[in-house]
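A.B. asks: The structure's right below; bear with me while I get my questions together.
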Amino acid sequence: MSNDTQTISLLGKQFHIKHPIEDHANLAQAALYLDEVLHTVRQTSEKVSSFENALVTAALNLSDELLRLKNGSLQPYADIHERMRVLTLSMAEVFLQIPAPLATEDAIY
């Protein structure tokens, strides 16, 4: 089992992590998930201003999620519907900002 160094990005900061080569895909996936959680923490909490505070808050959120999964009080993927709803609303907001094309005689309805 040989080690490799992989660069990950969390809130725009680069980190070089040594790990076994065969864990490359898992580390990349974990880093993407953690980055998503960090961005969510930053967006939802005005009090989290520093990188370190965001990391601590994200770590506590992830630890709580893991403990709930272990205890059976949180069903895996239970929040997918809520995440999809939020994503759909966000997309709707973006689409509403795009100007509609002007109707022309060549338009097909």
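A.B. asks: Taking the residues in the range 39-58 that are under 18 Å from Gln14 (Cα atoms) and small (Gly, Ala, Ser) as candidates, determine which candidate is nearest to the chain's Cα centre (by Cα).
C.D. replies: So the first thing to find is which residues in the range 39-58 are under 18 Å from Gln14 (Cα atoms), and the list is 39, 42, 50-56, 58.
Retained after the next criterion (residues that are small (Gly, Ala, Ser)): 50, 54, 58.
Working: Ser50: 18, Ala54: 13, Ala58: 11 Å.
Ranking the candidates gives Ala58 first.
A.B. asks: From the list Thr7, Thr44, pick out the single residue that is out of contact with any helix residue (DSSP H, G or I) (no Cβ under 9 Å at 6 or more places or on another chain), within 18 Å of Arg83 (Cα to Cα) and surrounded by fewer than 13 Cβ atoms within 10 Å (Cβ to Cβ).
C.D. replies: On the way: Thr7 fails: within 18 Å of Arg83 (Cα to Cα).
It is Thr44.
A.B. asks: Which of the residues that make up the range 60-74 are surrounded by 13 or more Cβ atoms within 10 Å (Cβ to Cβ) and either hydrophobic (A, V, I, L, M, F, W, C) or under 17 Å from the mean Cα position of the chain (by Cα) (or both)?
C.D. replies: Within the range 60-74, Asn61, Leu62, Glu65, Leu69, Leu74 meet the criteria.
A.B. asks: For residues in the range 14-38 being without any contact (Cβ under 8 Å) to a residue 12 or more places away in the chain and in a helix (DSSP H, G or I), which is nearest to the chain's Cα centre (by Cα)?
C.D. replies: Within the range 14-38, the match that is nearest to the chain's Cα centre (by Cα) is Glu36.
Read-outs: derived from the displayed coordinates by stated rules, not from any lab. Quantities reported herein were computed from a predicted structural model and do not represent experimental measurements. Please note: Cβ atoms are built from the backbone with ideal geometry, for glycine as well, and neighbour counts cover all protein chains shown.
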